[in-house]
Amino acid sequence: MLLTRYLARGGVGSRKQVLQMVEAGRVRVDDAVVRDPEFVVSGQSVSLDSGAKVELDACRVFAYHKPVRCTHVRPPLHLV
């Protein structure tokens, strides 16, 4: 996962805010400053310059009941 996406999903800020933080050198991966926003994170320790560690929560999936005749496609509009 890209570093900017990892930080945004971790709740640090928006993708744009996180991009600015990375370019400013405020992010560390395994105690090394990373300035490349396209750095790939896979299992490394990510922290901010304030010392706060960034961790992702488990992914949640919501499954809803859908009635038998319900479709996801709108019926065509009949223009007169």
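Observations, loosely collected:
- At q = 0.12, 0.14, 0.24 Å⁻¹, base-10 log of I(q)/I(0) for the chain (Debye sum, equal scatterers on each alpha carbon): -0.48, -0.54, -1.12
- Helix-only arithmetic for the chain: the sum of -39500 (n - 2.57) across DSSP H runs with n ≥ 4, divided by the residue total, places the mean residue ellipticity at 222 nm at -5500 deg cm²/dmol.
- Dipole-positive endmost among GLN17, SER45, VAL34 within the chain (Cβ charges, Cα centre): GLN17
- By the count of neighbouring beta-carbon atoms within 10 Å, fewest first, VAL33, VAL27 end up ordered VAL33, VAL27.
- Electrostatic dipole magnitude of the chain [Cβ: Lys, Arg +1; Asp, Glu -1; Cα centre; debye, to 20]: 620
- Residue of ALA32, ALA58, ALA24 that the Gaussian network model of the chain assigns the largest fluctuation, springs spanning Cα pairs under 10 Å: ALA58
- Within the listed set LYS53, LYS16, LYS66, the residue fluctuating most in the Gaussian network model of the chain (springs between alpha-carbon atoms under 10 angstrom) is LYS66.
Every number here is computed from the coordinates shown, using simple stated rules; none is lab data. Model, not experiment: these values are computed from the prediction. For neighbour counting, all protein chains shown are included, and Cβ atoms are generated from backbone atoms with ideal geometry for every residue, glycine included.
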